[in-house]
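Each remark here refers to the structure printed beneath this line.
The values are calculated or read from the model by the stated rules, or taken from the named source; none is laboratory data. What you see is a predicted model, and the numbers here were worked out from it, not measured in a lab. No Cβ is skipped: glycine too gets one built from the backbone with ideal geometry, and neighbour counts run over all protein chains shown.
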Number of protein chains: 2
Amino acid sequence: MLHSFIEVKPESHFPIQNLPYGVFRPLRGGSPRIGVAIGEYVLDLSILDDAGHFHLTSVAGKRIFHQPSLNSFMALGRPVWQEVRKQLQHLLWIEEPTLRDHPELRAAAFFKQKEVEILLPARIGDYTDFYASKDHASNVGAMFRGKDNALMPNWTHLPVGYHGRASSIVVSGTDVRRPTGQTKPPTISEPIFGPCQQLDYELEIGWLIGPGNNQGEPISIEHAEDHIFGLVLVNDWSARDIQAWEYQPLGPFLSKSFATSISPWVVPLDALEPFRVKGPNQNPEPLPYLQQSASASFDINLEVCLEGDGMNARERICTSNFRYLYWSMAQQIAHHTVGGCNLRPGDLLASGTISGPEKESRGCLMELTWRGAEPLRLPNGQQRVWLEDGDQLTITGWCQGDGYRVGFGEVSGRVLPAMK
Amino acid sequence: MLHSFIEVKPESHFPIQNLPYGVFRPLRGGSPRIGVAIGEYVLDLSILDDAGHFHLTSVAGKRIFHQPSLNSFMALGRPVWQEVRKQLQHLLWIEEPTLRDHPELRAAAFFKQKEVEILLPARIGDYTDFYASKDHASNVGAMFRGKDNALMPNWTHLPVGYHGRASSIVVSGTDVRRPTGQTKPPTISEPIFGPCQQLDYELEIGWLIGPGNNQGEPISIEHAEDHIFGLVLVNDWSARDIQAWEYQPLGPFLSKSFATSISPWVVPLDALEPFRVKGPNQNPEPLPYLQQSASASFDINLEVCLEGDGMNARERICTSNFRYLYWSMAQQIAHHTVGGCNLRPGDLLASGTISGPEKESRGCLMELTWRGAEPLRLPNGQQRVWLEDGDQLTITGWCQGDGYRVGFGEVSGRVLPAMK
């Protein structure tokens, strides 16, 4: 097993096997630049670049790690990402003296994660949200249309998705204001206006696109994964009462567009390879453009924790797994582009709520409480049907290796009261 | 009436009263820069800037017209746009010698429109499409759900909208490839894959956002128009067969995301002021956040023309008007942001299909042919139910003044056959 000279605890999300990319700014000053997380540190790649440690790679001279977003690096494609990853693992390796035995360079290039401000990793041009968990779609469908009509007829034939709002994507740690809007409670005849009364989170995984495709030229499923730079955790905050009133016939709009939170560290697809697994069996067999032979899912443990005002600690309210998703990332990319829609570097695609077959694996409050019928009991005698002001909602995720974890860190956000 | 020393015919869309902004590149070479259209010319604002003709305005020294998009100029806000517009009208005025009597500057600053490549006017961060025509929503609803349930219950209470795809927005003149995708004809039990058989256009108007708003801070309806930089024509190409199969429950996705075309010249809201009119009466009265006292619509004539292979000329197939729209631009902006969603400079909002009460004012083929029941008869014995390969679809629009027009030029695109 590969070890770094940087001490990394077995439960850390950021061993040398991971090396997720992010954009950060030192709290002591300086412009945004690109780094990788290792243990409790961030390694500043712009400093390594200045010191000539990428001079044998394809990024040499490009000053690509001095930029305030990963977009340019993402656009270069998998062979270049692999070159850089290999060089980083070499430089961080416990037996390699270049960085280990160079105190000045170490002092300049490593920051404690507490000493930096972490920013959005990419300029996200377009954000697409899918609906790829069969358990989630079945649960929601059963609540709204009854158990016998839970899944729409199209659901098992294509990965249903819709365009989300890119401007309101925020990085973990950003507070989220409860939205105000129009709703029509079933008990009254006219719509009313006021703060959302049914604020929810959604446990999702997103992936950021590397090289894109030209408009009119689909990405085949065989090549789809070459377009995935890496993965992040996503909380797709949802206002269920606004959603119920607005969503027909064109889909969710203001119920989603007030905020979407993502985790800051982008886990490379290459770091997830040891955890590749087969996804669920698909029946009916998808149309040829969605058929894949290889294993196309990943064993990523997911947890959701809630900490409300007056609670002393985060309380785990959900345990799920990425492998529950019915439609793979590759299938979602192939579908997204099959009509000619062009993806661009930095675009975000997300899975939709990831629920599993067990009750505790339901990935949002609407499912966990079955739309309020079964309130969630929390310590201190508290309970929740929907999110309350002051609630801190945290999603975390990791792959469990033998003695190490490849993790995502977390995406966390606190609910602020609605504007007066 | 204001006149320019540049000759402008009465039927021209681009008199001194208009001065729409665009981004262009001279065919003879050079980088993209910003200009305004006047008669058959483009006036290069970067040249005027270099010659010091904006030195008394707020854009002095900013080199804002040397940029390849209008975004930075848009962000400056209405007072600055008005300053610049006033200076341009002054410089182009028939009595003003500065530019008129300066042959070298005239030779450098004016291009024939045929001598330039016209580009997308803005980096469009997010694109939102509304559904604001009551006639359109009623026609479509009647076709799908019957006349008695034509409008969804929410329709008269809020401007229904959804997120569109920003990456595939193209400028007028770009060919559009017929999309391929999954459909399920009603006569068979399983979905099939192939080229779209029901390709349609949608006649729309869009508006580009100037200054945005902070996330969590809605734009009030009183201030909504201050956020509109200007208007363009939009053709929201639509694959009706793909749409019918995919759109439930999350709305249109691949049926729209393959391409959206816009006209290149952005008509300033200030140029449309003489054509401001009251919109339709709204009943029921909207909730307070959507109530407006002032006239909030504009009298913009709209036409759609089709020219197929083997036709000798464009054939007009639709005559509509922007004033038919039920929900105003201000209402759509106020609604879009009421939950806290942030708009950014360069964002595009569009009206949805603009249909009127008459049969010839229906703004898409689905309505004009009533889903194929009444094929459209064209010259040469041709007819259309949906768009065919080779069809050139052109939308144009203008406001008719006394002896002049404030026009939009056109948005045009030709249908290419599906990829093999």
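For every residue, the table says whether it meets (1) facing chain A (nearest Cβ under 7 Å); (2) crowded, with 24+ Cβ neighbours inside 10 Å; (3) touching a Leu at 6+ places or on another chain (Cβ under 7 Å); (4) not hydrophobic (A, V, I, L, M, F, W, C).
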position	(1), (2), (3), (4)
B:Val267	no, yes, yes, no
B:Asp270	no, no, no, yes
B:Val277	no, no, no, no
B:Leu287	yes, no, no, no
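Quick one: which residue in B:Gln248, B:Gln215 is within 12 Å of chain A (Cβ to nearest Cβ), in a loop (DSSP other than H, G, I, E, B) and free of Cβ contacts under 8 Å to residues at least 60 places away in the same chain?
On inspection, the qualifying residue turns out to be B:Gln248.
Pull up segment A:189-199, narrow it to residues that are in a strand (DSSP E or B) and more than 7 Å from every other protein chain (Cβ to nearest Cβ), then point me to the one that is farthest from B:Pro286 (Cα to Cα).
First pass over segment A:189-199, keeping only residues in a strand (DSSP E or B): A:192-195, A:199.
The next check asks that each one be more than 7 Å from every other protein chain (Cβ to nearest Cβ); those that pass are A:192, A:194-195, A:199.
On the way: A:Ile192: 10, A:Gly194: 14, A:Pro195: 18, A:Leu199: 24 Å.
Among residues in segment A:189-199 that are in a strand (DSSP E or B) and more than 7 Å from every other protein chain (Cβ to nearest Cβ), the one farthest from B:Pro286 (Cα to Cα) is A:Leu199.
Across segment A:139-150, what is the total count of residues that are in a loop (DSSP other than H, G, I, E, B) and either at the interface with chain B (Cβ under 9 Å from one of its Cβ atoms) or at pLDDT 95 or above (or both)?
Qualifying residue count, segment A:139-150: 0.
Please go through segment B:289-301 and pick out each residue that is crowded, with 17+ Cβ neighbours inside 10 Å and among the hydrophobic types (A, V, I, L, M, F, W, C).
Residues satisfying the conditions are B:Leu290, B:Ala296, B:Phe298, B:Ile300.
From the set of residues in segment B:373-406 that are without any contact (Cβ under 8 Å) to a residue 60 or more places away in the chain and not hydrophobic (A, V, I, L, M, F, W, C), which is farthest from B:Cys318 (Cα to Cα)?
B:Gly381
Does B:Pro159 satisfy being in a loop (DSSP other than H, G, I, E, B) and more than 28 Å from B:Val23 (Cα to Cα)?
Working: in a loop (DSSP other than H, G, I, E, B): yes; more than 28 Å from B:Val23 (Cα to Cα): yes.
For B:Pro159, the condition - in a loop (DSSP other than H, G, I, E, B) and more than 28 Å from B:Val23 (Cα to Cα) - is met.
Provide a single number: the residues in segment B:171-188 that are more than 10 Å from every other protein chain (Cβ to nearest Cβ) and surrounded by fewer than 19 Cβ atoms within 10 Å (Cβ to Cβ).
Of the residues in that region, 5 qualify.
Looking at A:Gln82 and the list (1) crowded, with 16+ Cβ neighbours inside 10 Å; (2) not in a loop (DSSP other than H, G, I, E, B), which single condition is not satisfied?
For A:Gln82, the failing item is (1).
For B:Pro68, work out the one condition from (1) farther than 22 Å from B:Gln400 by Cα; (2) in a helix (DSSP H, G or I) it doesn't fulfil.
(2)
Restricting the search to segment B:379-420, which residues are out of contact with any helix residue (DSSP H, G or I) (no Cβ under 9 Å at 6 or more places or on another chain), more than 30 Å from B:Val8 (Cβ to Cβ) and buried (at least 16 other Cβ atoms within 10 Å of the Cβ)?
B:Gln382, B:Asp391, B:Val415, B:Ala418
Among the strands (runs of 3 or more DSSP E) confined wholly to segment B:307-420, which include 3 or more residues that are under 15 Å from the mean Cα position of the chain (by Cα)?
Working: elements: B:315-321, B:348-350, B:392-400, B:405-416.
Fully inside segment B:307-420 and qualifying: B:348-350, B:392-400, B:405-416.
Checking B:His136 against (1) touching a residue at least 60 places away in the same chain (Cβ under 8 Å); (2) in contact with a Phe, Trp or Tyr (Cβ under 8 Å, 6 or more places away or on another chain); (3) within 13 Å of another protein chain (Cβ to nearest Cβ): exactly one of these is not met. Which one?
Looking at each condition in turn, B:His136 falls short on (2).
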